[in-house]
Amino acid sequence: MAKIHPSAVVDPKAQLADDVEIGPLCYVGPDVTIGSGTRLIAQCHVTGNTTIGQGNTIYPFASIGTNAEDYAFAGGKCMVRIGDNCIFRENVTINAGTKDGTETVLGNHIFLMAGAHVAHNCIVRDGAVMVCGSVLGGYAEVGERAFISGVCAIHQFCRVGRLAIISGGSVFSKDIPPFMMAEGRNGGVKMVNVVGLRRAGFSVETIRVIQNLYKIVFRSDLNLTQAYAKCREELPQIPEVLEFLEFAENSKRGILTNREDGHRN
């Protein structure tokens, strides 16, 4: 039977695994499902149509599953779905989808530090990290093991690619390509995230190919169409090159470049 502190308010319709722990002054709503080994330490608010997986830890004053902060929100069954083994620190906020039948989705092994915000309909994939005060606008997507540093803001509908890293205090309204490091206010892609790639187990050879891709796309005088063509002609067509090109060529908002204004078509 779940361990529930006497001061917590847990709706009897909530579905809790037998070893869930609900700490002092928490609230858990009727349409919430919480998996095995998850702990709400204290003063957490979990509501709405929210499903939380196994082994998660939720710290005080976190708010999960509340309505979208969106003028277009008109009710309906709007959801949050969270995977396993995530950590949500103090004052984290995660909003549900904004349209009936839609959801905000977070994967496994995600770490949201204090004050991080995930808006409606976002997708945050496995292993991503959001440092204190970083925020995602609605419908944003964050790739696997991406690292968003403190007090960063990602505009709605933008994407952050797999294993990308964003320097603290940055603000972006364009897509951040995978494997790259970006900083500033649409300030540009500055280098390859070499440290992150090494930690992820990328080989020296693969990193070298990605560095050559970076030089072609971000440090040449070619426009993006020409740069992508050159990447296909001159680089080994390893999965990482194909992933980068697929991400960039299918970007609806355009990718960030090395130019200060973010434009190079």
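Quick rundown of the values:
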read-out: Size of electric dipole in the stretch 197-249: Cβ of Lys, Arg +1 and of Asp, Glu -1, about Cα centre, debye, nearest 20; value: 280
read-out: Whole-number Å³ per residue for the convex hull built on Cα positions in the stretch 197-249; value: 74
read-out: With 5 Å bins from 0: P(r) over the stretch 122-265, alpha-carbon pairs, percent; value: 2, 11, 21, 26, 20, 13, 6, 1, 0
read-out: Calculated log₁₀ intensity ratio I(q)/I(0) where the Debye formula runs over C-alpha points of the stretch 157-205, q = 0.17, 0.21, 0.23 Å⁻¹; value: -0.47, -0.67, -0.78
read-out: Translational diffusion of the chain, µm² s⁻¹ [Kirkwood Rh, Cα pairs; Stokes-Einstein; 4 °C; 1.567 mPa s]; value: 67
read-out: Evaluated at q = 0.12, 0.15 Å⁻¹: base-10 log I(q)/I(0), Debye formula over Cα of the stretch 114-181; value: -0.21, -0.34
read-out: Amide proton proximity set for T66, modelled H, under 5 Å, gap of 5+; value: T47, I94, A96
read-out: In the chain, lysine pairs with alpha-carbon atoms under 18 angstrom apart (chain gap of 8 or more, or interchain); value: 7
read-out: Within the chain: Cβ-based charge dipole about Cα centre, in debye rounded to nearest 20 (Lys, Arg +1; Asp, Glu -1); value: 560
read-out: Kirkwood hydrodynamic radius of the stretch 3-142, from inverse mean 1/r over distinct Cα pairs, in Å; value: 14.4
read-out: The chain: antiparallel DSSP beta bridges as a percent of all, rounded to 5; value: 5
read-out: MRE, 222 nm, helices only [DSSP H, n ≥ 4, -39500 (n - 2.57), over the chain, to nearest 500]; value: -5000 deg cm²/dmol
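Every number here is computed from the coordinates shown, using simple stated rules; none is lab data. As the structure is a prediction and not an experimental result, all values here were calculated from the model. Positions of Cβ are generated from backbone atoms using ideal geometry, with glycine treated the same way; all protein chains shown enter the neighbour counts.
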